[in-house]
Each structure stands twice: as structure tokens, then as C-alpha cells.
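K.L.:
Got a structure for you, questions after.
The values are calculated or read from the model by the stated rules, or taken from the named source; none is laboratory data. Computed from a predicted model, the values in this text were never measured in an experiment. Cβ coordinates were reconstructed from backbone atoms using ideal geometry, including for glycine residues, and neighbour counts include every protein chain displayed. In case anyone asks, the SASA skips ligands and DNA or RNA and just uses the protein heavy atoms, side chains included. Shrake-Rupley method; radii C 1.70, N 1.55, O 1.52, S 1.80 Å.
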Amino acid sequence: MNKNRNRFLYSTVPSLIAILAGLVFGAILMLIVCLMDKNITLGGFWDGARLLIIGFLSKGRDELGNLMFGYNGTHLGNMLFKATPLIMTGLSVAAAFKAGLFNIGAPGQYLMGLTASIVIALAIPSASVPAGLILVLALLGGMVAGAVWGMIPGALKAYLNVNEVITCILTNWIAANLSTLIFEGSAFINNTEPGKSGFLYKTAANGVELPKALLDKVFPGSQVNSGIIIAVILAVIMYFVISKSICGFEMRLCGSNREAARYCGINENANIIMSMAIAGALAGIGAALYTLSGNTEFAWSTYQKLPQVGFNGIPVALLGCLNPIGVIFTGMFMSALEINGQQIANLTAYNEYITSIIIGVIVYLSAFTKYIRGVMMHRRKKGGTKK
Amino acid sequence: MDNMHDHAVEMLHIDKAFNDQKVLDDITFQLERGEIHALLGENGSGKTTLMRILFGIFKADAGEIKRDGATVEINNANDATALKIGMVHQHFELVEVYTALENIVLGAEDTRHGFLRKDLARKKLEGLISNYGLAVDLDEKIENLNVGARQRVEILKMLYRDNDVLIFDEPTAVLTPGETEELLQIMRNLKAEGKSIIFISHKLNELLAVSDRITVIRKGKYIGTVRAADTDEQTLSEMMVGRSVQLEVVKTRSNPGEPVLEVKHLVCASAFSEKNAVNDVSFRVRAGEIVSIAGISGNGQTELIYALTGLLPVKSGQILLCGQDVTESTVRKKSENLSHIPEDRQKHGVVMEFNLADNMILRRYRQDRYQKAGMVKKDAIREYAAGIIEANDVLCTGGVDSVMAGMSGGNQQKAVIGRELDMDRPLIIAMYPTRGVDVGAIEHIHKRLVQERDNGKAVLIASAELSEVMKLADRILVMHEGEIAGRLDPEKTTYEEIGLYMAGAKKDEKEDEWYE
Ligand SMILES: Nc1ncnc2c1ncn2[C@@H]1O[C@H](COP(=O)(O)OP(=O)(O)O)[C@@H](O)[C@H]1O
Ligand SMILES: [Mg+2]
């Protein structure tokens, strides 16, 4: 169908333009650094530029020092692993956006989800309770904690009309401090390695970890597990919820016109709170999926910083056109960039900051996708109707 | 007169299509210098589109635009401003938190060293204000101004830029009768100063009163241009609709049955002042009758209707609907027995970003026909919406996929009315049901409302148009300062008498009997 194709183009092309512009900017930046830094040859620049785009396919250097590319299960697996929480925070931001809310509180919701699921996963002894049950409880705990944390700004907006952006920022920092407070001096801190006390035990220490679901065979040497499958399934579910369900219809209705929603008999206050709870739950599940891989260590002293993966949910959602299916791909893209950055730092004379800058630029450009779409539609209106 | 240099603007053989559907087909429109030229046509006939082409918002697919006899290219609003063409849009484009003065100079600032020269602007504006009688407090924020004052700010905006071709797109649709009269006077003043004016309105009496010539378009085609002095309402209606139009409402005497709505001593707080917006109001509406609330807008009609439909809490009193006490009920509960054509269509009635299908299902999406286990049934919804569009003659270029925001106001209104009347509820509440719609559609809407009455529905209409009240009502309630000042029989009263009640010059004592 012509109409559907058009809609598809209008949503994907602006994101691709934003991504491409970010990558081109990155390449130019690398060239400038190369020209200014005597340690980096033009050959080094060429290597860096290629790694920027397909670093996740890198297989190191051969004996002559040339880059080798090909299937690299470790990188691809880690890309999927890192994409898991990004997809979830992206879904969180996208769902809230559909309801007309800007969920900049995903970092806090993520952190509360993380805290809850670690506490549950470590506090219940797997000697007396089956590990599988603890796993499920920890997942649910992460979800509920995130949902509660999302509901707070939702309720403040609904009943006191306080802008959710402000309350989200406040609750983010409360979460950061609360998490530190809970873990400080707790038995969850891993003191077994001398001199290292900044991290908690891995949940695997209690035997709680997500099943690998054969993914370790396909992507040997990586951390990937069934979490990515769960994230993709949740994205598909969210797609149906938002665009095909009564609940999603009401969310979009409240998001587009609160007064009209009231006129239709919807309790718009309850709807705002529910939307924020859904958004928070998604971020919380993302945190749980990440930490319940069993092999991640959480640096518990978070009171001075917020998890970047929470904020990155915003560009993931925007580049994904607020479409849950799109979010799957943009989440993977963002994590691929991260892997590429590591490869650049490992295999060339560039340092890892260069990719942080490039990611930053793409994040920035993601905010322009709507503008680019506007320009495209405008041009079509002016030119396309001519016979 | 054929000397082309007498024309301030000529639009020749203009074509325009949206989504491959022609909305303007070989339209020619010529504006003489110093005249008020009205543009008349049904909702969706392309008036706004034509003006937007002149103002550079859209580009014509074919045709030529001349300014003072010379062919010009107008690609954006800046080009239009450079050619001294200004436009007051159907929906105002003002920044709420800026003052009137700041809004006016926005985009045309006099600056020195990067600082705004407000003193220069103020001097010029004060001159304009006294010249044309455009009373505006320049230092008041837009959010504190009423609709009439906002419109005067828009007019000042055009004059400040020294425009001398002024486009008014349905300026009177949002004004009270008094404000309308003031605006028409301002337009006459502008004309006297040599400005050329294009005026769009659906109110034929206004057009005839103020314009020199009238151009009629129908479904994007040019029908003709007539002198206002040589024509009348009936002729214009027929040119516009393409068939004979019944301007009068034909209806038999009402035959009321059981009361459907009973309101007893209703009191509602006001959002703006200490005084109650609705103060001790009692009345009832019976099956098979049309009760009409007349009154100058802002006398409590809005709050009364909001309270009845559940959008506003009730302070005291009682509302009975079909015998049930619904005073405290939710909107959803109340809407089981009433349908509501809202006062502010874009605020309550439609969702501008949604398409027509989703807008038509707003009241029904929870019904089993349109959902299954919490998932919407898209095909059933589209089919339903298509039926409403068809039955109510809603013009839209993209069928049920048309986005509301791209539809003309009158067609939005027809869609809302179609949706609400299709609800088949015992009580129909309609506020300003024909605001901004053309005579053809007014005829259709009036017919539908009378039909509903004859089918035994109770109908409550609030309207600012006295003629509408007189035509439709079986009984008239006049509201003044939140109270019912008079209860009148349209057969026995006159416009003058209603006017006295509306203005508060006349008021009946409260009867012991709370209804009627
Ligand atoms: N931006 C747009 N996109 C698509 N269709 C439009 C757009 N603007 C107007 N239309 C269509 O063009 C027709 C003419 O609309 P308009 O000029 O607003 O009518 P009028 O002002 O005479 O009521 C209508 O059918 C309307 O749906
Ligand atoms: Mg119009």
C-alpha cells in the first residue's frame, strides 16, 4: 500500500539522516584529530573510520597489522547484551511520549529497578528457595520498583499539575541517593577481593541468573542471554498495546488532547499515572534484565551520578520514531556504537572519548528527526502534487 | 473599470490539489483597490486554501498572482509581507505570555544596538489605535485578553507592517454580536483609509452589510461575483450551495412527553471570580421538545452545560437524568443518557492529530462491536466512521484517513454532530451547534435537531445567535449573570424583548414552581 510505504519512509528517513549526519561528523572529527596528532597516520584514520561503522565485525589485526573483519560472536553477543537495557529504557520513554509525557525520569526508574532486583536476588537464599523462583521475583521486583518510581511524577502531574520534567529530575536524584543509602554498609557489598569494595556481589553468586537460551553457543565468549529475547518480546507487546489496544488508544488520546479525553469520559488523572507507571515498569524491567544476567557488577555508590542508559532511552526512542519496533533497532544501533568505540580505543591510537563525542552528537541530532520530517512533508506538499 | 491597474490583487486561474484531490479548480479572484470583497462558499470549498496561497503558505499548482498589475511570486509569508499583504488567520497566532505590544512587533522589530525600540513601536501603534478605533491595551498579556481584543491585536499586527491588502478569514465566527458590530465598523474605517479588504464569513447578513462585492465559490470552482447591493441572502445561499436552501426552519408544534432532564437549584462555582457562575438555576427539558438557552456568552451557559455533562463539579443542587440522580456522576456515566455537542470543538470535540476514523469512534471505542479483548477492531471502526461521513456529508480529501487538523472547521463540526446524534441518547445537549458552518450545513443541522425532537428526544441548545434560538426553540430560557432571567415562548416574544432580558434590563421574579 502506497500510504503505508509513505508513512514508513517519513518515519525512517529522518532517523537515518540524523544517524548518517552523526557518523559523518564523527569521521570528520577523526580526520581533524588525525591531522593534529602526529601519532595518528592517515592509515590510522582509515582504520578508525571503518571501526566507527563496523567495529562490531572486527576480528583484530593480522600479522601484517591490517584490520580483519568478519563474524565476531563476542562483539555481536555483547552488542545484544548491551542493547537489552537500552531497548527497555527506549520503550519507557516512547510509551510516555505517546501519552504526552516527557519521561526524563528513566534513569531514576532504572536505578530503583536495579536496586530492587539486586536486593531480591541476593537476599533470598537460593539454598532454601529455588533459584528460578528468585529470578522471577527479582524481575517482578524490578518492574514494580520502576513503576512506583514512575508513578510519583505521574501523580504530582495529575493532581497538582506539576510539570513532570521537574519532578522526574528530582526523583532521579532521590533514587540515586536512596540506592546508595540502601547498599551502604549492607551485606551485599563484595569485600572478598582485597581493596575492592565499590561493587556489589554478582547475582550469580546466589545462583540467580537469566538462562542463556543457547545464545552462548551462537555468540561464544559474550555476555548475551535470554534477556534480549525478553526485551524484544516486550517491545512487540508494547507495539500492540500502544497502537492496537484500547489502553493505548486512551493513552494517545490523553497525550494528544487531555480535554477531549475528559469529554470522552476518560479519567485523565488516572491515565497519566498509569502511563507513567507503565513507563517506569519498562525501565525497571530493563535494569532487572541487565543485572540478572548474573555477571554484571553494580558500583553501588551512585549518589553522585545517574545511569547513562536511562538518559539514552530518550535518543533511542526518538530515533526509533517512538515506535516500539523501531526502538529494537535503535537500541541495538546505540549499543553497536558503544562496541565500535571500544574497538577504536583498543585497535587504534584514538582514545575512547572520540566515540563518546560521536554518540553525543547523534543523541543531539535525534532531537531533530521531527524537524527533518517536517521539512520532508513540506517539500512534498509544495512540489509533489504538481502534475 | 476594466483597467487592470485598479486591482490591488488578482488571482488568475488558480489550481491546487491535496493528496491528488483538487480543492481549487481554475479559481479567479480580483480585488479592487479600496473595496471590501467578501469570499463566500461552503465549508471546505477552498476559501482558506485560496487565501493561504495568496499569503504564501501554500503554493498554487497552476495560475498567476498579480499585485497592482504586476505578476508576483509569493513563496512564503515574508514575501506576502513585502507585498503589503496581511492575514488574520481563522485560529489566532499569538504568543500567550507576551504583551500585545510584543506580539505586534514580533518579527518586525525596530532595534538599535540589538535592543528593542518599544517607544517607536508604541508611538506608531497609538496612532493606529486612535485612527481606526481599535481599542487594545498594549501592555496587557495576551492570555488576559478576550477573543475580540486578541483579534484587534492581530489587526494591529497587519497595520503595523503597513499592509494595505488585509485578509480576514472568518473573523466573526468567534465574536459576540456586539464585538462583531465593532469589527464591521473597524473594517469600514480601514476601507475609508484606502485599504483593500478580503472578508470571509458564513453569516450572510454581515457580508451584505459590509462588503461591496461578493465572490462565491463552490467545491473549489468559481461560481460568480456579484455586487452586494444587487443581491440578497436567498440568492447568495443558492449560488453557494447549488440548490435552493430553506433558510427558515420548518417544524410543527412540539408535543412534549415525560421530563428527561430536571435541574433543581443548581449552583456552580466560577473559575474567575467569587461569584457563582451558575446561581440557583432550575429548569427541565421534556422528551419531544427543544429548549434553548439564550444569553450573551459568559453569563454561565458554558459552566451550566459543563456541569450537566460532568466536566465541571456541582457546588449544590440536583441534576436528574431520566429519573436518576446524576449530580455527582462521572462523564462516562452521564453520557449513557446524553450526547454532547461541545462549545469548543477543538478543545473537547475532536483530537486534531487523530484521523477521522479515530475521531468518530471517540464515544464508542469501548463497545463490543469495536473491540475484542481490549484490542481495537480497526476495520469495524473505519466502516463505522465511513458511514458517519457519508450520512453527514462531511467533505474531506482523504476519507476516514484524513487528519482532523487538515479539515475545515465546518466539516469538523459536521463530523462531531454526526457522531453525537448517532449516539441515540434520550437527551441531546448542543452548544453553539452551527458556529462556523455554512448555510447549507446549518440547514442540515437544524433539520437533524428538529428531527431528533420529533423522534422523542429532549433537546437542549445554547446559542449566541438569537435568530437560531427563535427558529429552533419550543421554549426559551434567557441567562443573565448565572441566573435564568426569563422564560419565554418564542411564539409570543420578540427579538427586542429577549435582548432586554439578555442585557439584564428585564428580569422575572423567581417562580415557586422550579421548572418551566
Ligand atoms: N493541509 C491540508 N492537507 C490536506 N487537505 C487540506 C489541507 N488544507 C485543506 N485541505 C482540504 O481542502 C479543502 C478546502 O479546505 P479549506 O480551504 O480549509 O475550506 P474552507 O476554508 O472554504 O472551509 C477541504 O476539503 C480540506 O479538507
Ligand atoms: Mg476556512
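For (1) among the aliphatic types (A, V, I, L, M); (2) modelled with pLDDT under 90; (3) out of contact with any Leu (no Cβ under 8 Å at 6 or more places or on another chain), each residue gets a yes or a no:
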site	(1), (2), (3)
A:Asp37	no, yes, yes
A:Asp47	no, no, no
A:Ser92	no, no, no
A:Ala96	yes, no, yes
A:Leu101	yes, no, yes
A:Ala106	yes, no, yes
A:Ser126	no, no, yes
A:Gly132	no, no, yes
A:Leu140	yes, no, yes
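K.L.:
Looking at (1) surrounded by fewer than 24 Cβ atoms within 10 Å (Cβ to Cβ); (2) over 16 Å from A:Ile17 (Cα atoms); (3) out of contact with any Asp or Glu (no Cβ under 9 Å at 6 or more places or on another chain), which is the one condition that is false for A:Ser301?
P.N.:
(3)
K.L.:
Here's a check for you: in region B:299-308, which residue that is within 21 Å of the chain's Cα centre (by Cα) and in a helix (DSSP H, G or I) is nearest to the other protein chains (Cβ to nearest Cβ)? Give the steps one after another, and end with the answer.
P.N.:
If we filter region B:299-308 for residues that are within 21 Å of the chain's Cα centre (by Cα), which is where we start, we get B:299-306.
When the remaining residues are screened for being in a helix (DSSP H, G or I), the result is B:301-306.
Details: B:Gln301: 17, B:Thr302: 13, B:Glu303: 15, B:Leu304: 16, B:Ile305: 12, B:Tyr306: 10 Å.
Taking the candidates together, the pick is B:Tyr306.
K.L.:
Which condition number does B:Gly46 fail, the rest of (1) within 28 Å of B:Gly436 (Cα to Cα); (2) away from chain A (no Cβ under 12 Å); (3) more than 13 Å from ligand 1 (Cβ to nearest atom); (4) open to solvent by less than 20 Å² (accessible area, probe 1.4 Å) being met?
P.N.:
Here B:Gly46 meets the rest and fails (3).
K.L.:
Determine which single condition B:Ser130 fails, assuming it passes every other condition in (1) within 26 Å of B:Arg67 (Cα to Cα); (2) without any contact (Cβ under 8 Å) to a residue 24 or more places away in the chain.
P.N.:
Tallying (1) within 26 Å of B:Arg67 (Cα to Cα); (2) without any contact (Cβ under 8 Å) to a residue 24 or more places away in the chain, B:Ser130 fails exactly one: (1).
K.L.:
Still on this model: Within region B:350-363, is there a residue that is within 16 Å of ligand 2 (Cβ to nearest atom), open to solvent by 40 Å² or more (accessible area, probe 1.4 Å), farther than 23 Å from B:Asp424 by Cβ and in contact with a helix residue (DSSP H, G or I) (Cβ under 8 Å, 6 or more places away or on another chain)? So that I can check it myself, show each step before the final result.
P.N.:
The initial filter retains those residues of region B:350-363 that are within 16 Å of ligand 2 (Cβ to nearest atom), namely B:350, B:352.
Now narrow it down to the ones that are open to solvent by 40 Å² or more (accessible area, probe 1.4 Å): B:352.
Right, trim to farther than 23 Å from B:Asp424 by Cβ and you get B:352.
After this cut, where a residue has to be in contact with a helix residue (DSSP H, G or I) (Cβ under 8 Å, 6 or more places away or on another chain) as well, the list is B:352.
Yes: one or more hits.
K.L.:
I would also like to ask the following. Considering only region B:190-205, state which residues are over 17 Å from B:Gly440 (Cα atoms) and either acidic (Asp, Glu) or surrounded by fewer than 18 Cβ atoms within 10 Å (Cβ to Cβ) (or both). Quick ask: steps written out before the conclusion?
P.N.:
In the first step, residues of region B:190-205 are kept if they are over 17 Å from B:Gly440 (Cα atoms); the result is B:190-199.
The answer is B:Ala192, B:Glu193, B:Gly194.
K.L.:
For the subset of region B:58-76 comprising residues that are closer than 26 Å to B:Gly194 by Cβ and open to solvent by 40 Å² or more (accessible area, probe 1.4 Å), which member is farthest from ligand 2 (Cβ to nearest atom)? Even if it seems obvious, please write down each step before you answer.
P.N.:
Within region B:58-76, the subset closer than 26 Å to B:Gly194 by Cβ is B:64-74.
Subset that is open to solvent by 40 Å² or more (accessible area, probe 1.4 Å): B:64, B:68, B:70-71, B:73.
Details: B:Glu64: 23, B:Asp68: 26, B:Ala70: 28, B:Thr71: 26, B:Glu73: 24 Å.
Going through the qualifying residues, I end up with B:Ala70.
K.L.:
If you check A:Thr84, A:Thr115, which single one turns out to be in a helix (DSSP H, G or I), of a type in the set (Ser, Thr, Tyr) and under 30 Å from A:Gly48 (Cα atoms)? Let's see the steps before the verdict.
P.N.:
Details: A:Thr115 fails: under 30 Å from A:Gly48 (Cα atoms).
Exactly one residue qualifies, and that residue is A:Thr84.
Conditions (1) out of contact with any Pro (no Cβ under 8 Å at 6 or more places or on another chain); (2) open to solvent by less than 10 Å² (accessible area, probe 1.4 Å), marked per residue:
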| position | (1), (2) |
| --- | --- |
| A:Ala83 | yes, yes |
| A:Lys98 | yes, no |
| A:Pro107 | no, yes |
| A:Ala116 | yes, no |
| A:Leu122 | yes, no |
| A:Leu133 | yes, no |
| A:Leu140 | yes, no |
| A:Gly146 | yes, yes |
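K.L.:
Residues B:Val400, B:Val376: which one is open to solvent by 10 Å² or more (accessible area, probe 1.4 Å), more than 30 Å from B:Lys22 (Cβ to Cβ) and away from ligand 2 (no atom under 16 Å from the Cβ)?
P.N.:
Values: B:Val400 fails: more than 30 Å from B:Lys22 (Cβ to Cβ).
So the residue among B:Val400, B:Val376 that is open to solvent by 10 Å² or more (accessible area, probe 1.4 Å), more than 30 Å from B:Lys22 (Cβ to Cβ) and away from ligand 2 (no atom under 16 Å from the Cβ) is B:Val376.
K.L.:
With B:Leu183, B:Leu208, B:Leu247, B:Leu236 as the choices, which residue is within 16 Å of ligand 1 (Cβ to nearest atom) and open to solvent by less than 70 Å² (accessible area, probe 1.4 Å)? Step through it out loud before you land on a result.
P.N.:
Details: B:Leu183 fails: within 16 Å of ligand 1 (Cβ to nearest atom); B:Leu208 fails: within 16 Å of ligand 1 (Cβ to nearest atom); B:Leu247 fails: within 16 Å of ligand 1 (Cβ to nearest atom).
One residue alone meets the criteria, B:Leu236.
K.L.:
Given (1) open to solvent by 10 Å² or more (accessible area, probe 1.4 Å); (2) assigned to a helix (DSSP H, G or I); (3) touching a helix residue (DSSP H, G or I) at 6+ places or on another chain (Cβ under 9 Å), identify the lone condition not met by B:Lys333.
P.N.:
Among (1) open to solvent by 10 Å² or more (accessible area, probe 1.4 Å); (2) assigned to a helix (DSSP H, G or I); (3) touching a helix residue (DSSP H, G or I) at 6+ places or on another chain (Cβ under 9 Å), B:Lys333 violates only (3).
K.L.:
Among the numbered criteria (1) among the aliphatic types (A, V, I, L, M); (2) at pLDDT below 95; (3) crowded, with 21+ Cβ neighbours inside 10 Å, which one does A:Ile152 miss?
P.N.:
Among (1) among the aliphatic types (A, V, I, L, M); (2) at pLDDT below 95; (3) crowded, with 21+ Cβ neighbours inside 10 Å, the lone unmet condition for A:Ile152 is (2).
K.L.:
Hey, another quick one. Which residue out of B:Gly298, B:Gly257 is touching a Gly at 6+ places or on another chain (Cβ under 9 Å) and surrounded by fewer than 23 Cβ atoms within 10 Å (Cβ to Cβ)?
P.N.:
Values: B:Gly298 fails: touching a Gly at 6+ places or on another chain (Cβ under 9 Å).
Of the residues listed, the single one that is touching a Gly at 6+ places or on another chain (Cβ under 9 Å) and surrounded by fewer than 23 Cβ atoms within 10 Å (Cβ to Cβ) is B:Gly257.
K.L.:
A follow-up question, please. If you check every pair at least six apart or on different chains, which have Cβ atoms under 9 Å apart with a residue in region A:360-371 that is over 15 Å from A:Ile104 (Cβ atoms) and surrounded by 13 or more Cβ atoms within 10 Å (Cβ to Cβ) first and a residue that is modelled with pLDDT under 85 and not hydrophobic (A, V, I, L, M, F, W, C) second?
P.N.:
These pairs meet every condition: A:Thr369/A:Ser11.
K.L.:
Restricting to region A:242-270, name every residue that is open to solvent by less than 40 Å² (accessible area, probe 1.4 Å) and more than 7 Å from every other protein chain (Cβ to nearest Cβ).
P.N.:
A:Ile242, A:Gly248, A:Glu250, A:Met251, A:Cys254, A:Gly255, A:Ala261, A:Ile266, A:Glu268, A:Asn269, listed by residue number.
K.L.:
Filtering region B:408-425 down to residues that are open to solvent by 20 Å² or more (accessible area, probe 1.4 Å) and not basic (Lys, Arg), which residue is farthest from ligand 2 (Cβ to nearest atom)?
P.N.:
So the first thing to find is which residues in region B:408-425 are open to solvent by 20 Å² or more (accessible area, probe 1.4 Å), and the list is B:408, B:422, B:424-425.
So of that shortlist, the ones also not basic (Lys, Arg) come out as B:408, B:422, B:424.
Values: B:Ser408: 5, B:Asp422: 25, B:Asp424: 31 Å.
Within region B:408-425, the match that is farthest from ligand 2 (Cβ to nearest atom) is B:Asp424.
K.L.:
Of the residues in region A:153-180, how many are hydrophobic (A, V, I, L, M, F, W, C) and without any contact (Cβ under 8 Å) to a residue 40 or more places away in the chain?
P.N.:
Keep residues of region A:153-180 that are hydrophobic (A, V, I, L, M, F, W, C), which gives A:155-156, A:158, A:160, A:162, A:165-166, A:168-170, A:173-176, A:178.
Imposing the further condition that a residue be without any contact (Cβ under 8 Å) to a residue 40 or more places away in the chain reduces the set to A:156, A:160, A:162, A:166, A:170.
The total comes to 5.
K.L.:
Right, another one. Out of the residues in region B:382-401 that are within 12 Å of another protein chain (Cβ to nearest Cβ) and outside any helix (DSSP H, G or I), state the one that is nearest to ligand 1 (Cβ to nearest atom).
P.N.:
Result: B:Thr397.
K.L.:
Take region B:160-179 and flag every residue that is among the hydroxyl-bearing types (Ser, Thr, Tyr), within 16 Å of ligand 2 (Cβ to nearest atom) and surrounded by fewer than 20 Cβ atoms within 10 Å (Cβ to Cβ). Show your work before the answer.
P.N.:
Within region B:160-179, the subset among the hydroxyl-bearing types (Ser, Thr, Tyr) is B:160, B:172, B:176.
After this cut, where a residue has to be within 16 Å of ligand 2 (Cβ to nearest atom) as well, the list is B:172.
Those that are among the hydroxyl-bearing types (Ser, Thr, Tyr), within 16 Å of ligand 2 (Cβ to nearest atom) and surrounded by fewer than 20 Cβ atoms within 10 Å (Cβ to Cβ): none in region B:160-179.
K.L.:
Give the residues of region B:402-422 that are more than 12 Å from ligand 1 (Cβ to nearest atom) and within 12 Å of another protein chain (Cβ to nearest Cβ), sorted by residue number. So that I can check it myself, show each step before the final result.
P.N.:
Within region B:402-422, the first condition is being more than 12 Å from ligand 1 (Cβ to nearest atom), and the residues that meet it are B:416-422.
The answer is B:Val416, B:Arg419, B:Glu420.
K.L.:
Here is a further query. Of all residues in region B:301-316, count the ones that are small (Gly, Ala, Ser) and open to solvent by 40 Å² or more (accessible area, probe 1.4 Å). Even if it seems obvious, please write down each step before you answer.
P.N.:
Step one: filter region B:301-316 for residues small (Gly, Ala, Ser), giving B:307, B:310, B:316.
Checking the rest, the ones that are also open to solvent by 40 Å² or more (accessible area, probe 1.4 Å) come to B:316.
Summing the residues that are small (Gly, Ala, Ser) and open to solvent by 40 Å² or more (accessible area, probe 1.4 Å) in region B:301-316 gives 1.
K.L.:
Which residue pairs have Cβ atoms closer than 6 Å, lie 6 or more positions apart in sequence or on different chains, and pair a first residue in region B:26-47 that is polar (S, T, N, Q) with a second residue that is within 15 Å of ligand 1 (Cβ to nearest atom) and in a loop (DSSP other than H, G, I, E, B)?
P.N.:
That search, which allows pairs on different chains as well, returns B:Asn43/B:Ser408; B:Asn43/B:Val437; B:Asn43/B:Asp438; B:Ser45/B:Lys219.
K.L.:
Is at least one residue of region B:352-366 touching a residue at least 40 places away in the same chain (Cβ under 8 Å), farther than 24 Å from B:Cys396 by Cα and within 11 Å of chain A (Cβ to nearest Cβ)?
P.N.:
The answer is no, given that none of the residues of region B:352-366 is touching a residue at least 40 places away in the same chain (Cβ under 8 Å), farther than 24 Å from B:Cys396 by Cα and within 11 Å of chain A (Cβ to nearest Cβ).
K.L.:
Now for a different question. Among the residues of region B:34-52, which ones are within 13 Å of ligand 2 (Cβ to nearest atom) and either out of contact with any helix residue (DSSP H, G or I) (no Cβ under 8 Å at 6 or more places or on another chain) or under 15 Å from B:Phe18 (Cβ atoms) (or both)? Reasoning before the result, please.
P.N.:
Of region B:34-52, the ones within 13 Å of ligand 2 (Cβ to nearest atom) are B:39-52.
Those that are within 13 Å of ligand 2 (Cβ to nearest atom) and either out of contact with any helix residue (DSSP H, G or I) (no Cβ under 8 Å at 6 or more places or on another chain) or under 15 Å from B:Phe18 (Cβ atoms) (or both): B:Gly44, B:Ser45, B:Gly46, B:Lys47, B:Thr48, B:Thr49, B:Leu50, B:Met51, B:Arg52.
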